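Trainee: Have a look at this one before I ask anything.
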Amino acid sequence: MANVILKNLTKKFDDVVAVNNMNSTVEDKAFVVLVGPSGCGKTTVLRTIAGLEEATEGDIYIGDRLVNDIAPKDRDIAMVFQNYALYPHFNVYDNMAFGLRLRRIPKLEINRMVHEAAKILKIEDLLKRKPKQLSGGQRQRVALGRAIVRDPKVFLMDEPLSNLDAKLRVQMRTEIAKLHQRLNATIIYVTHDQTEAMTMADKIIIMKDGIVQQTGGPQEVYDHPNNMFVAGFMGSPAMNFLDAAITDRMILKGGMFELNTADRIKKIIKDNNLIGKEIVLGIRPEDLEDSNFVQNIPANSTINANVEVTEPMGSEIYVYVDIEGILITARVNPKSKCRSGEKASLCVDIDKMHLFDKDTEKSYI
Amino acid sequence: MKKKIILYFVLIIFLIIFLVPVYVLMVTSLKGFEEVSLASMWNLPKGLNFQSFISAFDKLKGNFLNSLYLTIPATVISALLGSWNGYILSKWKFRGSDIIFTLILFGMFIPYQSILIPLVLVLRSIGLYGSIPGLIVTHVIYGIPIVTLIFRNYYAGVQDEIVEASKIDGSNIFGTYFHIMLRIAIPAFVVAIVWQFTSIWNEYLFAYVLTHNPRVQPITVALANLAGSEYVEWNVQMAGALIITIPPLLIYIFLGRYFIKGLLAGSVKG
């Protein structure tokens with residue numbers, strides 16, 4: 001059993017609260033991603049689990065053992081750092097063997113373990129090289145190797161891919177996911193990149209200003225964000241937000257649009273007693289399509305606006321339109337004829353709208 | 001092009017000014033005693049006469065060894081102390097560590113002369129006055145600010161994550177120092193060793209004040225004492241001065257390569 005439980009975890013640096021009363025459980029063998037903008041406290045959480053920072057308040061359990069007062073080396077964890085943090089004077093073999101030697105494991109055993117880890121990461125021919133003779137991707141593999149060679153209960157990874165170039169990052173993403181399946185270990189992974197979070201995680205913990213905003217599976221947080229922050233943070237391009245009022249006939253009315261509502265939305269409006277109120281309407285870019293490519297457009301489900309910019313991506317086009325001074329993104333069919341400077345008609349998938357409270361920014365459900 | 005000519009012209013002038021004393025030193029050391037006079041000081045020697053080197057070496061060899069016994073341990077100890085200080089002050093910061101660092105740096109601005117009397121009193125009371133160990137202690141302590149500065153700045157450029165990785169791997173504060181930090185600091189050691197070796201080897205005031213017995217005096221004091229009260233054997237004096245420069249010169253020649261290497265390697269980015 002190697003679950004990780006955080007109970008009322010708070011970490012303050014002088015007067016700055018980096019982590020505020022966090023309660024989370026990382027299940028055994030899960031791949032959990034902590035995600036959020038820089039300064040949200042996600043790295044601090046990881047460092048506190050590692051024992052590199054002391055919790056100001058609260059308890060940390062690793063595998064049902066309270067580890068608050070246990071030294072990092074005795075927590076049975078391994079950490080992978082963003083900048084690799086390889087020992088520059090050791091070669092790859094020694095970098096991986098260092099931790100094992102300190103644990104007084106017999107030489108032959110160390111040799112076997114290092115070679116096994118090197119085999120998994122395909123770095124067997126690099127064992128004699130010094131870190132500075134390696135490329136960024138190779139260094140990251142060695143850093144991973146140094147972690148897996150010790151066979152720890154929990155892996156802590158702090159933005160391990162952010163120093164790699166875009167292509168390598170995508171490649172290593174898959175490799176780390178494969179590694180997780182192969183090692184069958186618990187991984188806690190910190191990133192600011194929501195794509196990494198979506199693609200790799202079993203469970204995502206989204207943080208902002210030291211507070212957990214939402215915890216859940218990737219699809220769950222994407223489809224049902226708790227609040228406007230999560231809605232805007234997860235997904236690329238980000239969700240669009242528009243101010244709207246709800247009429248007696250349950251129509252969403254903005255300055256430049258009137259949108260009908262689907263039954264699911266009508267139920268939300270009724271349940272929350274929203275008739276006549278001002279709300280924030282959230283629409284994901286993929287739920288906006290060039291009307292020319294939609295058959296049977298339902299009544300009151302289009303928005304007409306001026307196109308500011310178009311970005312052809314090949315498989316789709318990002319169209320940026322101006323609605324009441326706000327730039328709205330739509331992901332439309334690549335054959336769309338939208339041109340900047342011209343008017344376009346965008347069709348809204350009225351079943352997939354999100355409604356948020358204007359003041360609390362919370363999602364209505 | 002014109003600019004370059006002017007630049008080189010100016011540089012050559014300064015080079016000549018700089019080399020004039022060296023020229024006098026060398027030609028005089030190769031002359032016989034009777035050949036040395038103010039009138040002929042600029043002239044080249046009539047022949048190569050190494051007698052003055054033999055005589056200078058004979059008079060100074062004991063003190064030359066004294067200087068080695070003094071300089072080598074003092075340099076090694078202060079470099080090690082500096083690396084430990086620098087490691088703690090950059091990687092194990094504690095409340096007030098920056099203040100302590102600043103206070104240590106102030107030590108660099110204390111003139112030698114101002115502490116002579118207390119220094120003599122302290123060394124006398126611990127029984128090290130008039131001995132080479134006493135000089136070693138003095139130089140080690142006096143070198144703490146500069147070596148601490150060198151190593152702290154060097155280690156400040158080393159990622160903190162290396163220390164953290166080592167903690168997670170199982171090292172404590174000492175293990176991280178011996179296994180990692182001590183070994184990655186070669187460029188800083190070269191700088192500290194070159195600096196300390198040269199300044200301790202060339203130091204005169206402490207050596208003069210703290211040692212009176214000619215048998216324990218370092219070479220700088222002995223060289224000054226070569227000049228008798230009635231007359232000065234200038235050729236021997238100059239030869240002695242040239243002999244003195246050999247060890248620092250060797251240090252530069254051998255460590256200089258590593259010095260450059262260290263500078264070029266720049267960061268120790270893993």
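Trainee: Condition first: at positive phi and either among the polar types (S, T, N, Q) or assigned to a strand (DSSP E or B) (or both). Now tell me which residues in the stretch A:241-286 satisfy that.
Mentor: Residue satisfying the conditions is A:ASN273 alone.
Trainee: Criterion first (touching a strand residue (DSSP E or B) at 6+ places or on another chain (Cβ under 8 Å) and either at pLDDT 95 or above or not assigned by TED's automatic domain parsing to the domain that holds A:ASP15 (or both)) does A:GLN214 satisfy it?
Mentor: Answer is yes for this residue.
Trainee: Another question about this same structure. For residues that are β-branched (Val, Ile, Thr) and within 26 Å of A:PHE229 (Cα to Cα), tally how many sit in the stretch A:34-67.
Mentor: Going residue by residue through the stretch A:34-67, those that are β-branched (Val, Ile, Thr) are A:35, A:43-45, A:48-49, A:56, A:60, A:62, A:67.
Of the ones still in play, those that are also within 26 Å of A:PHE229 (Cα to Cα) are A:35, A:43-45, A:48-49.
Number satisfying all stated conditions: 6.
Trainee: Can I ask one more? Scanning for something more than 30 Å from A:GLN82 (Cβ to Cβ), more than 14 Å from chain A (Cβ to nearest Cβ) and not basic (Lys, Arg), does the stretch B:178-190 turn up at least one residue?
Mentor: Scanning the stretch B:178-190 turns up at least one residue that is more than 30 Å from A:GLN82 (Cβ to Cβ), more than 14 Å from chain A (Cβ to nearest Cβ) and not basic (Lys, Arg).
Trainee: State which residue pairs qualify: first residue within 8 Å of B:ASN66 (Cβ to Cβ) and inside the stretch B:209-220, second residue buried (at least 19 other Cβ atoms within 10 Å of the Cβ) and of a type in the set (Val, Ile, Thr) in any location, beta carbons under 6 Å apart, and separation of 6 or more residues or different chains.
Mentor: B:VAL216/B:ILE132; B:GLN217/B:THR211; B:ILE219/B:ILE244
Trainee: Failed condition for A:ASP94, given (1) among the acidic types (Asp, Glu); (2) under 15 Å from B:ALA165 (Cβ atoms); (3) out of contact with any Phe, Trp or Tyr (no Cβ under 8 Å at 6 or more places or on another chain), with all others met?
Mentor: (3)
Trainee: Residues of the stretch A:149-199 being touching a His at 6+ places or on another chain (Cβ under 8 Å) and not in a loop (DSSP other than H, G, I, E, B), which ones?
Mentor: Within the stretch A:149-199, A:ILE187 is the sole residue that qualifies.
Trainee: Still on this structure, please answer the following. Out of everything in the stretch A:57-103 that is of a type in the set (Gly, Ala, Ser), closer than 16 Å to B:THR176 by Cα and not in a loop (DSSP other than H, G, I, E, B), what residue ends up being farthest from the other protein chains (Cβ to nearest Cβ)?
Mentor: Of everything passing the filter in the stretch A:57-103, A:ALA97 is farthest from the other protein chains (Cβ to nearest Cβ).
Trainee: A:GLU196 passes all but one of (1) out of contact with any Cys (no Cβ under 8 Å at 6 or more places or on another chain); (2) surrounded by fewer than 19 Cβ atoms within 10 Å (Cβ to Cβ); (3) of a type outside the set (A, V, I, L, M); which number fails?
Mentor: Going through the list (1) out of contact with any Cys (no Cβ under 8 Å at 6 or more places or on another chain); (2) surrounded by fewer than 19 Cβ atoms within 10 Å (Cβ to Cβ); (3) of a type outside the set (A, V, I, L, M), A:GLU196 breaks only (2).
Trainee: What is the residue count in the stretch B:193-214 for residues that are within 9 Å of the chain's Cα centre (by Cα) and among the small types (Gly, Ala, Ser)?
Mentor: 1
Trainee: Could you list, in sequence order, all residues of the stretch A:315-365 that are of a type in the set (Asp, Glu) and within 16 Å of A:PRO225 (Cα to Cα)?
Mentor: A:ASP351, A:ASP357, A:GLU361
Trainee: Output the residues belonging to the stretch A:311-365 that are assigned to a loop (DSSP other than H, G, I, E, B), among the aliphatic types (A, V, I, L, M) and assigned by TED's automatic domain parsing to the domain that holds A:ARG264.
Mentor: Passing the criteria: A:MET313, A:MET353.
Trainee: Is one or more of the residues making up the stretch A:113-136 among the acidic types (Asp, Glu) and within 13 Å of chain B (Cβ to nearest Cβ)? Outline the logic, then answer.
Mentor: Filtering the stretch A:113-136 for residues among the acidic types (Asp, Glu) gives A:116, A:124-125.
If we keep only those that are within 13 Å of chain B (Cβ to nearest Cβ) too, we end up with none.
No, there is no match, as no residue in the stretch A:113-136 is among the acidic types (Asp, Glu) and within 13 Å of chain B (Cβ to nearest Cβ).
Trainee: Name the helices (runs of 4 or more DSSP H) wholly within the stretch B:1-114 that hold at least 2 residues that are under 21 Å from the mean Cα position of the chain (by Cα) and among the aromatic types (Phe, Trp, Tyr)? Spell out how you get there, then give the answer.
Mentor: On the way: elements: B:2-29, B:51-91, B:97-106.
In the stretch B:1-114, B:51-91 are the helices (runs of 4 or more DSSP H) which contain 2 or more residues that are under 21 Å from the mean Cα position of the chain (by Cα) and among the aromatic types (Phe, Trp, Tyr).
The values are calculated or read from the model by the stated rules, or taken from the named source; none is laboratory data. Treat the numbers as computed from the prediction; the structure is a model and nothing was measured. Note: ideal-geometry Cβ built from the backbone for every residue, glycine included; neighbour counts use all protein chains shown.
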